[in-house]
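The values are calculated or read from the model by the stated rules, or taken from the named source; none is laboratory data. These numbers were taken from a predicted model, which means no experiment stands behind them. Don't worry about glycine lacking a Cβ; one is built from the backbone with ideal geometry, like all the others, and counts go over all protein chains shown.
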Amino acid sequence: MKLKPLILITILGLCYQCKEKSAGFTMSLSSATKLDTLYVSELITKKPIAKIYENNKVKNIALEYPTVASIHNKKKNIEYLTILEQHKNLDISILNDATLTTNNLSDSLINYLWKSNTKYIQENSSFLFTTQNTDTIPVMFEKFRVKRENEINKFKNKISSKSLEILYFQNNARIYSFLFWLGRVVKQLKPNDRYFNFIKNIDSPNQLLKSLPDIYLYKYEVEYLRENKSIESITDFLRFIEEKTNNKDVADFLKANYIKSLIEVPSYWEKHEKLFNTEVLTQTLNSEKNNIYYSLIEQPSSSFYASQKGEMAYLFQAEDSLGNQFNLDSVLGKVIFIDTWATWCGPCIKHRPKVLKLAEKYKDNNDVEILLVSVDTSKDGWLSFLAKEHKQFGRNLFIENGMRTKFGNNYNIKSIPRYILIGKDGKIINSNITEPSIAIEREIENELKTK
């Protein structure tokens, strides 16, 4: 049975002049039912473009350049990608099952690229993560890339040239991004390994990379390490990015994204992370103060500083399973171990028995507090999970969508599981623990000995 759209949002292309340089779109909404606010944000920078809500008056929205954007609700558990370009007419519909869609062919294709990438990886995960014959992986993904390119080509005469360029780039970039991650992070392959020879297929950097820039940063790392034995310094790698990227605007964008990624997902930058600390960040921020995209690194930098060893712990509020409010300041003076997790997080669930064992060990110690903080989007889902647990030690707490709150920002939580240790003086001992271990127990014991 075909779902009927309940809500129709119309975004009409608007031409201020016949030239491309100054154009945007007009946005309006007609709704037959109550609607939570929807947001349109740039995919990579998260820059807000527009809000969509009931009884919205028609308004003109400027658009500086074609971009890939995300249409989503506040929790981001409903999302649909769109290619925004000048003069584009776009109707957004919310179906009965609350999914988003549009009437645009290029949007259908970019969502196909996004979702088929995930599906293909899941279907082949057993082979991808266990095989020792890594040379075969780029070959199989090249076949998949060509298959998707052929799918795009079926409709090339019905799509604008700008959208077509973005689709070709997205097809390549999503595949290469996964190959880089698998080779660099999971397989830990050497830069000279022929697995990485697919980098020769990556085009020279241009404005298109703003829709998925990381493949160029990974490419530059491989190229740098093929020329040098190791990463000499963060400054040196930033200089290498500039040398490889002739366009200043693109170079600034890549440098800003590199610094942001180094802060938010350090596990992707193992060879760089040991060179990075607050002093280096301060120097980097000073050297990049004229970067056009400096705003991309301001918030991550603030989070990084706030979460470092020796900083006072952020005093957050949470809710327990009975609906009572919990305040962190109520347990200051104790050694505090925080497990930041969610029911949808596989590694979190895998490590949970270790956390519960730690909580059981200290359940009668009044000087230790073990907090298990769920950052789920659904309180009901969290409660349902807890109801199935036979053993409950520690204090179970809930912060709705906590990674996107002040709690997540102040502890720089961009991925989970994350474990945080706070001393009796209320200062952070370590906010970047990736796995509970004997070493953490030793740190707790050492802290208990302090006055």
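Considering only segment 438-451, state which residues are in contact (Cβ under 8 Å) with a residue 60 or more places away in the chain and not acidic (Asp, Glu).
Within segment 438-451, ILE440, ILE444, LEU448 meet the criteria.
What's the number of the only condition in (1) over 30 Å from GLU400 (Cα atoms); (2) among the hydrophobic types (A, V, I, L, M, F, W, C); (3) at pLDDT below 80 that LEU84 fails to meet?
(3)
Only residues that are acidic (Asp, Glu) and within 23 Å of SER267 (Cα to Cα): list them for segment 166-207, please. Write out each step before concluding.
Just the residues of segment 166-207 that are acidic (Asp, Glu), to begin with: 193, 203.
Hit for segment 166-207 is ASP193, nothing else.
When you check LYS309 against the structure, is it of a type in the set (Lys, Arg) and farther than 30 Å from GLN392 by Cβ, yes or no?
Against the criterion (of a type in the set (Lys, Arg) and farther than 30 Å from GLN392 by Cβ), LYS309 qualifies.
Show me the strands (runs of 3 or more DSSP E) entirely contained within segment 253-345 in which 3 or more residues are touching a residue at least 40 places away in the same chain (Cβ under 8 Å).
Those strands (runs of 3 or more DSSP E) span 317-320, 335-341.
Can you name the residue in segment 421-451 that is within 29 Å of the chain's Cα centre (by Cα) and among the β-branched types (Val, Ile, Thr) and, of all such residues, is modelled with the lowest pLDDT?
THR434
Just to verify a result, which residue in segment 130-188, among those that are β-branched (Val, Ile, Thr) and touching a residue at least 12 places away in the same chain (Cβ under 8 Å), is surrounded by the fewest Cβ atoms within 10 Å (Cβ to Cβ)?
VAL186
Does ILE370 satisfy the criteria of being closer than 20 Å to SER330 by Cα, over 22 Å from the mean Cα position of the chain (by Cα) and either assigned by TED's automatic domain parsing to the domain that holds ILE297 or aliphatic (A, V, I, L, M) (or both)?
For ILE370, the condition - closer than 20 Å to SER330 by Cα, over 22 Å from the mean Cα position of the chain (by Cα) and either assigned by TED's automatic domain parsing to the domain that holds ILE297 or aliphatic (A, V, I, L, M) (or both) - is met.
Give the residues of segment 185-194 that are modelled with pLDDT of 95 or more and part of a helix (DSSP H, G or I), sorted by residue number.
Listed by number, the list holds a single entry, ARG194.
Taking segment 280-321 on its own, how many of its residues are among the hydrophobic types (A, V, I, L, M, F, W, C), surrounded by 20 or more Cβ atoms within 10 Å (Cβ to Cβ) and within 22 Å of ILE429 (Cβ to Cβ)?
Number of matching residues: 5.
Within segment 383-422, which residues are part of a loop (DSSP other than H, G, I, E, B) and among the β-branched types (Val, Ile, Thr)?
ILE399, THR405, ILE413, ILE416, listed by residue number.
Just checking, which of ASN150, ASN197, ASN171, ASN157 is in contact with a Leu (Cβ under 6 Å, 6 or more places away or on another chain), farther than 25 Å from ASP252 by Cβ and in a helix (DSSP H, G or I)?
Within the list ASN150, ASN197, ASN171, ASN157, the selection yields ASN171.
ARG418 passes all but one of (1) within 17 Å of GLU443 (Cβ to Cβ); (2) more than 17 Å from the chain's Cα centre (by Cα); which number fails?
(2)
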